[in-house]
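What follows is a set of notes on a single structure, which appears directly below.
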Amino acid sequence: MKSTPIDRTSLEEIKEFQEKRLKEQLEYVNKFSPYYSKLFKNHSIDISEIKRIEDLVYIPVTTKKELQANNHDFFCVPPDKIIDYVTTSGTSGDPVLCISTEKDLHRIALNESLSYEEAGLSNQDIIQLTTTLDRRFMAGIAYFLGAQQSGIGVIRVGSGVPELQWDTIQKIKPTVLVCVPSFLLKMIEFAEENSIDFINSSVKKAICIGEPIRNPDLTLNVLAKKITSQWNIRLYSTYASTEMATAFTECEYGKGGHHHPELVITEFLDENNQPVPEGEPGELTITHLQTEGMPLVRFKTGDIIQPFYEKCECGRVSLRVGPVIGRKNQMIKYKGTTLYPPSMFNLLNDFEDICNYVVEISSNDINEDEILIKIGVKNASENLLSKVKDHFRAKLRVSPRIEFMSTEEIELLKNPPNSRKTRLLIDKRNSVI
């Protein structure tokens, strides 16, 4: 599979390309996927009639629940063709096993190679990976393979340990970090405490994963402003998931993550699985293109996202996506107000005195949502508590319960042992005690 400049052609050419690949992918899953061949048969779907992207509405959507309940039925190849196994993080239920063939890994490498190109990287750069390549985690291997395809040097440091990160930076002089953005604040703190001249370090860019760095209007959010006010590096947002095996990464203009139309078809759906009016936010739903091991058709990601359709200043014409507004299964109804966790994260990031935090959601005796925000501070005070509560009332109209803890205790909640991802939300509503 070779990269093509398809996202710089025209919308008509992109659509024509995608519809040709869609026909091939549907024929493939109908023949080799036990799940989809059964689905098409049970719903009397003649895939030869699915000729346009608009015709996808005649195919039922696939949700995380179907993946969890019928995991192996989505496999399209025998075991001897599978060369990589990963799982989803399991933050929204049982982890899903995802497989890749050699062809699929080339596709994943292409995706990240395109992402690096969007972020302005070249073979003159060196990337320091602060993500793990083990623990069945797709992101680490994807970033590594993409760099390999682009001819970019990689240092596989892994997550955490600011001392090791800085030691590596000083010895090898990478130009780019791939990291969770809040970890950059820890690196800054460590550098200041240990007289490291981070301002003049070799690092000029950071590709930010796992946490948003932009508001819905694409301006930098408070977290990103905190970082860039102290360290003059360029931040690039990226959005991806294991099931998608595709990423949406910003270019230098920072106007949303770019769609890779040669790899995935996107839809934005409402609660009735119908397309939302163009320009409105909806649940991102994807259909793989050119996937061999575990292709998905109309997979609902669970993420409510704002798409942007106008041509980007960089010249790419494919759509772009903004930060996740919220996950559908993480919607909170609190005292009559509908909330998504990112809105609370943004408010907590407004306070310099707050070092770290987690938001805990549970159900009370009458099955209503309860919110407990656990905040890590160095100096707790009634004044800070009052300011946080007032800020929530002003911005969200409600004020949840707040509990001060040590920063070390919060860090253990955010990054429990053997966890591959930092978690800011602990959702106990579906827990069985």
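Assorted remarks:
- Positive-end extreme of charge dipole, region 31-123 - chosen from Ser44, Ile108, Cys98 (charges on Cβ): Ser44
- Looking at region 180-273, the GluC sites (Glu not before Pro) that sit in a DSSP loop and have at most 10 other Cβ atoms within 10 Å of their own Cβ are Glu271.
- Cut-off 11 Å, label 7 Å out along Cα→Cβ of Lys333, residues of region 360-374 by amide N: 367-369
- Using the rule -39500 (n - 2.57) for each DSSP H run of four or more residues, divided by the residues of the chain, the 222 nm mean residue ellipticity is -9500 deg cm²/dmol.
- The peptide list 160-171, 201-212, put in order of mean Cβ contacts within 10 Å with the highest first, becomes 201-212, 160-171.
- Working from label points 7 Å from Cα in the Cα-to-Cβ sense, the Thr9 to Thr228 distance is 3.4 nm.
- Label-point separation in nm, Thr407 to Ile53, each point 7 Å along Cα→Cβ: 4.6
- For region 176-284, applying the loop criterion from DSSP together with a ceiling of 13 other beta carbons within 10 Å to the chymotrypsin sites (Phe, Trp or Tyr not before Pro) yields Tyr253.
- Antiparallel bridges, percent of DSSP beta bridges restricted to the chain (to nearest 5): 60
- Rounded to two decimals, the Cα-based Rg/Rh of region 339-433, with Kirkwood Rh, is 0.96.
- Which of Val161, Ala147, Asn194, positive extreme of dipole for region 137-207 (C-beta unit charges): Ala147
- The slack between Lys38 and His391, meaning 0.36 nm per residue of separation minus the straight C-alpha distance, is 121.9 nm.
- Counting other Cβ atoms within 10 Å as a rough exposure proxy, the listed residues Ser363, Ser10 run Ser10, Ser363 from fewest neighbours to most.
- Here the chain is described by how far its Cα atoms reach on the three principal axes: 66, 58, 42 Å, from widest to narrowest.
- C-alpha center-to-center spacing [region 1-64, region 232-280] in angstrom: 18
- Span from the region 339-373 Cα centroid across to the region 81-122 one, whole angstrom: 31
- Rounded, prolate or oblate (a/c below 1.5 giving rounded, otherwise prolate when a/b exceeds b/c) for region 214-364 by Cα gyration tensor: oblate
- Trypsin sites (Lys or Arg not before Pro) within region 126-165, DSSP loop, no more than 15 other Cβ atoms inside 10 Å: Arg135
- Using only side-chain charges placed at the Cβ, +1 for Lys and Arg and -1 for Asp and Glu, the dipole size of region 312-433 relative to its Cα centre rounds to 580 debye.
- About the Cα centre, charge dipole magnitude for the chain (Lys/Arg +1, Asp/Glu -1 at Cβ), debye: 160
- Extension reserve of the Lys20-Asn364 stretch, reckoned as 0.36 nm per residue once the Cα distance is removed: 118.7 nm
No lab work stands behind these numbers, since they all come straight from the coordinates. Since we're looking at a predicted model, the values are computed, not measured. Virtual Cβ from ideal backbone geometry, glycine too; neighbours counted across all protein chains shown.
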